[in-house]
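To start, the structure under review is shown below, and the notes come after it.
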Amino acid sequence: MIDRLRVRFDSRDVLRALSLEVAAGELVALMAPSGAGKTTALRAVAALQPFDEGRIVVDGFALLPGPVPPEARLVSLRRRVGLVFQGHALFDHLSALDNVTLALRHVLGKSRADADAVAQRLLDSLEVGARASAWPRQLSGGEAQRVAIARALAPDPALLLMDEPTAALDPARRTALGATLRGLCEQGRGLLVATHDAEFARAHADRVLTLGT
Amino acid sequence: MVSLALGILTALAVQHPTARVLVWGGDAEGGAPFVEADPADPSQVRGFDVEVADRIARGLGRTTRFVQVQWSSIDQSVERGDFALGLSGVEDTPARRARHAATLPYFEFREVLAVRPEEAARIHGLIDLRGRRVATLGATIAYDLLVRARDSTGLIPVSYDDDVHPYGDLVTGRVDAVLLDHIIAQRALRRRGGFGFLILAQPVAVGHYVGVLARADSALRDSVDAVLREAMRDGSLEQIFRRWRVWDPTQGVLFDAVLRSSMTARPAGTAPVVQAIAYLPPLARAAAVTALVSVLSMMLAVLVGLALASGRLYGSGWLRALTTVYIEVIRGTPLLLQLFVIYYGLAGVIRLPAFLAAILGLGLNYAAYEAEIYRGALLAVPRAQLEAGRTLGLSEGQILRLVRGPQALRYALAPMTNDFVALLKDSALVSVITVVELTKQTAIYATNVGSWIVPGALCAVVYLAMSLPLARLARRLEQRWGGRAP
């Protein structure tokens, strides 16, 4: 839940009084032209970006205005929120599988074998299981996106944030992505998708929110 | 412009009137009583070799002009034509006689051992120094004696670039004995007020000082020999030696022998091929020292560099300031100075063995450069990668260890390899603190055979054999990881 969020850069309002709510199992599209603050809103929810006014509550964990709290105080938020970056930001020194196992092993404390099994299941469910041993630079754009989704899903978050997921996809892959995201909603997750792709938003989102410029 | 150039040329020509002036070369750096800067007028030199040069010039009807030259380079310099006559405690060796025109011997010196007083009763010669460190000046007869004694008696030769520090290190216990010419030993003892060490009465060997001229200058050499004989006969040479307190009866015996037999003491030289082969084992040993010093220094540089870079990026305010000061001071001062400070400057506080001091000096110096490479590499990791780590719940420490560090390593590896190649070559500097590495051994070799061509080429080949594979590795790493695209 985002309540009257306000973010200022250099005394200019990037976001003003943004309020929205994403329920479990719901796909909400946040529509706006480029530069209107969609990414800023997602970053605020992921606690990568401080905000000036308002309140953000994720599954009972509240973020308040002011500087981003130290990581030690964000442990429970990190398990509740996953973020898929626009450029995917896969760790390019790790294989696709190890991108997914990193949090499983080092945050959730799973053994190597358990983490590998969970990660492989996630990659399989996103239809990139065959690419588990590939390096990020060997993946196509669509494959990299699916690996990035698998990585964000590894801690099993209640809310998944996606920044411009259709930016580099052809129409056929866009449709496939829509189906994948619907599948995630059916698992009971909330999805907040920032996009400027009106067609995609209308076709796949439960609700479309448009940010005023 | 043209007239200015002509003016300079004329000035140069006037400066080099070889016919009327005897241009001679010697080393005034710590060169008493041979050649030293005159305390009353540091632009002038004084010493018994200065007066010998004056006496020779007078006999030739010339005036003198002095040229400063590093002692170990006198032979090469005279052959290049930098000066006509080299005089500065130049030793009479077969190699020197084979390569250059040497004068007749004008002074007899004894190679004497100096030891600490408490050990004087136990040490009577090189044979008693098994396993002990014996210091001398590199590229001398004394050094050759020690190298030969290493194989027969098992002593450890330690080579210095000057004849002052060996005695200081003897007193402080860094070395156990010093083998050098008796006049150098006596002067060192006088400087210490007669305390600190004893000079053993029994000499290890006897040698002679000669003047050295270019091989093609044998006519001038014969004239110089005639003047020297005359100076022995008329007592002027004896007066010079008495004035400088280096006269003793053995000089009279030498003079008699020279005058009686027209002795020029020209022993036959060893064939150059035999000389070259004899130097291969010490060169191999020196190459191993270079490799070992370089590898250990680099390991130290990497560890300290990582700590410095982390301090500069993650540390508190004062830690950042401290690491910045360290990096700037180390990068802003010469490595040579740092080596001197670590080895000689700190000797009063902590007496480091030369090998350890070399590794510390090189390692701590390169650590400053490594630190900047690592800092740059850590900063080059895209922010999104770090944020991706944070959204997954990794702690800052985990992000550094699992994401930022491994990615920065890829940026750092190529410049690190380049630094290692540079360090390999900079390791030549540690010879100033008595570590005989590849370049120093080559210089000793070159001085003894009187030519840089074969030793220089051999040395270059060994350095290239070590550095080229590294340079290739750096290029491959750059190609593999430099570009992001597949």
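Does the range A:24-178 come out rounded, prolate or oblate, given a ≥ b ≥ c as the square roots of the eigenvalues of its C-alpha gyration tensor, rounded meaning a/c under 1.5 and, failing that, prolate meaning a/b above b/c?
oblate
Considering only DSSP beta bridges where both residues belong to the protein assembly as shown, give the percentage that are antiparallel (nearest 5).
Of those bridges, close to 50 percent are antiparallel.
Can you give the local net charge around B:Ile453? Use residues other than it whose beta-carbon is closer than 15 angstrom to its beta-carbon, Lys and Arg +1, Asp and Glu -1.
+1
Residue separation times 0.36 nm, minus the C-alpha to C-alpha distance between B:Thr333 and B:Ala460: what's the value?
43.0 nm
Would you tally the net charge around A:Ala198, using a Cβ to Cβ cut-off of less than 15 Å, leaving A:Ala198 out, and scoring K and R as +1, D and E as -1?
Residues near A:Ala198 contribute +1 overall.
So for the protein assembly as shown, what percent of the C-alpha to C-alpha distances run longer than 38 Å?
Of the Cα pairs, 56 percent sit more than 38 Å apart.
Only bridges with both residues in chain B count here: give the DSSP antiparallel percent, nearest 5.
Rounded to the nearest five, the antiparallel share is 55 percent.
GNM, chain A, Cα, under 10 Å: largest mean-square fluctuation among A:His196, A:His106, A:His88?
Maximum among the listed residues: A:His106.
Using the Cβ atoms and a cut-off under 13 Å, what net charge is assigned to the surroundings of B:Leu423, where Lys and Arg are +1 and Asp and Glu are -1?
Local charge sum for B:Leu423: -3.
Based on the Kirkwood radius over alpha-carbon pairs, what is the Stokes-Einstein translational diffusion coefficient of chain B at 10 °C with 1.306 mPa s viscosity, in µm²/s?
62
Which lysines have a Cα less than 16 Å from the Cα of B:Lys425, not counting those fewer than 8 places away in the same chain?
Cα-Cα hits under 16 Å: B:Lys440.
Against the longest alpha carbon principal axis of chain A, how many degrees, from 0 to 90 and to the nearest 10, is the axis of helix A:171-186 turned?
Orientation of helix A:171-186: about 80 degrees from the principal axis.
At R0 = 41 Å, how high is the FRET efficiency between B:Ser261 and B:Ala284 if r is their beta carbon distance? Nearest 0.05 is fine.
Calculated value: 0.45.
Where the only charges are on Cβ atoms (+1 Lys, Arg; -1 Asp, Glu), what is the dipole of chain B about its Cα centre, to the nearest 20 debye?
Here chain B has a charge dipole of around 1420 debye.
Where both residues lie in chain A, what percent of DSSP beta bridges are antiparallel, nearest 5?
Just about 40 percent of them are antiparallel.
With an 8 Å cut-off on Cα pairs and a minimum separation of 6 or more residues, tell me the relative contact order of chain B in percent.
So the answer I get is 16 percent.
With everything on Cα atoms, drop me the angle between helix B:2-15 and the longest principal axis of chain B, reported from 0 to 90° to the nearest 10.
With both axes taken from Cα atoms, the answer is about 50 degrees.
Could you work out how far helix A:112-125 tilts from the main Cα principal axis of chain A, as a 0 to 90 degree angle to the nearest 10?
So the inclination is approximately 70 degrees.
Charges at C-beta only: +1 for Lys and Arg, -1 for Asp and Glu. How large is the resulting dipole of the range B:66-121 about its Cα centre, in Debye rounded to 20?
Computed about the Cα centre, the dipole is about 200 debye.
Nearest 0.05, what FRET efficiency do B:Met299 and B:Arg215 give at R0 = 56 Å with Cβ-Cβ as r?
FRET efficiency, B:Met299 to B:Arg215: 0.75.
No value in this document is a laboratory result; all are computed from the given coordinates. Predicted model, so just to flag it, every value in this text is computed and none were measured. Counting neighbours? That spans all protein chains shown, and the Cβs are built from the backbone with ideal geometry, glycine included.
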